[in-house]
Amino acid sequence: MQSEVTMSDYHIRPATVDDYDGVMEIGDVYFGIDYLRDRYHLFMDDPNATSYVYVVGEEIVGFCTAFLIDDGLTFLVRGSRVKEGFRGQGVYGRLMTHVYTEYKDVDSIIYDAMTTNDYNFEAKKDSLKKTHTEVSRKCFLNYQFKMEDVDTPAPTTGPVLEEANSSVMMSLFEDKNTREKLFPEGKIIIDWVPLRLLLVNMKYILAPNALALQSRGR
């Protein structure tokens, strides 16, 4: 039985690469599509990110990563989680208070951005609507399959798919007509992150394990 977490029982500190196993023991909190196991070390190496752990005794029970994106204009928290048995005791709230305090004197920050799913939005929508403006809502579908069960599609006479590198992506962002049609909100959401159409964001838009494709019409 887990006892109540008191103010004197915990401390919050920056996460390190050595915390990987402890953070992973918190478990999957994103309904089977958790990305942190694959992205943890990328977060540690990103100069725009600082991760934090909430520690009770010697046990890591909370985690999050704070990012500065959009050339420092936007503050974003990713990968937040609290271990089962410690939820509902104010752990997440104290972790967020600590993180926001760490960034309160960063003068470049204008926006606080986030993405969320319907489950969390419905639970917190009253408070979220007081502090945030909804920019976009999309349907998210997740499929899991074995490659051997997928039939290779036959060639079609439709538009040819081409790989879109950073130069191609920037040309799309800079062309007003194309930008307004493809990205009407002025953002592109990559891996749950709402990014402005800026060159400095290209390392997130075209991450090392990402493939961007374009098709040309008339």
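Here's the picture: charge each Lys and Arg Cβ at +1 and each Asp and Glu Cβ at -1 in segment 65-218, and of ALA123, SER167, VAL150 the one pushed furthest to the positive end of that dipole is ALA123.
Just the protein heavy atoms count here, and of the accessible area of segment 97-218 at 1.4 Å, carbon and sulfur take up 53 percent.
From the square roots a ≥ b ≥ c of the eigenvalues of the alpha-carbon gyration tensor of segment 1-127, which class results: rounded (a/c under 1.5), prolate (a/b over b/c), or oblate? Verdict is rounded for segment 1-127. Give the label of the value calculated from the structure for semi-axes √(5λ) of the Cα gyration tensor in Å, choosing from (i) 28, 23, 14; (ii) 35, 22, 17; (iii) 23, 22, 16. Among (i) 28, 23, 14; (ii) 35, 22, 17; (iii) 23, 22, 16, the one derived from this structure is (ii). Restricting segment 95-159 to chymotrypsin sites (Phe, Trp or Tyr not before Pro) that sit in a DSSP loop and have at most 16 other Cβ atoms within 10 Å of their own Cβ leaves PHE140, TYR143, PHE145. Centre-to-centre, using Cα atoms only, segment 129-186 and segment 69-118 are separated by 27 Å. If you plug the beta carbon distance of HIS11 and ARG216 into 1/(1 + (r/R0)^6) with R0 = 41 Å, you get a FRET efficiency near 0.15. In whole Å, what three semi-axes, largest first, describe the equivalent ellipsoid of segment 84-175 built from its Cα gyration tensor (square root of 5 times each eigenvalue)? Each semi-axis is √(5λ); the values are 39, 24, 15 Å.
The values are calculated or read from the model by the stated rules, or taken from the named source; none is laboratory data. Model, not experiment: these values are computed from the prediction. Ideal geometry is used to build each Cβ from the backbone, glycine not excepted, and the neighbour counts take in all protein chains shown. Side chains are part of the model used for accessible areas, which takes the heavy atoms of the whole protein and leaves out ligands, DNA and RNA. Shrake-Rupley method; radii C 1.70, N 1.55, O 1.52, S 1.80 Å.
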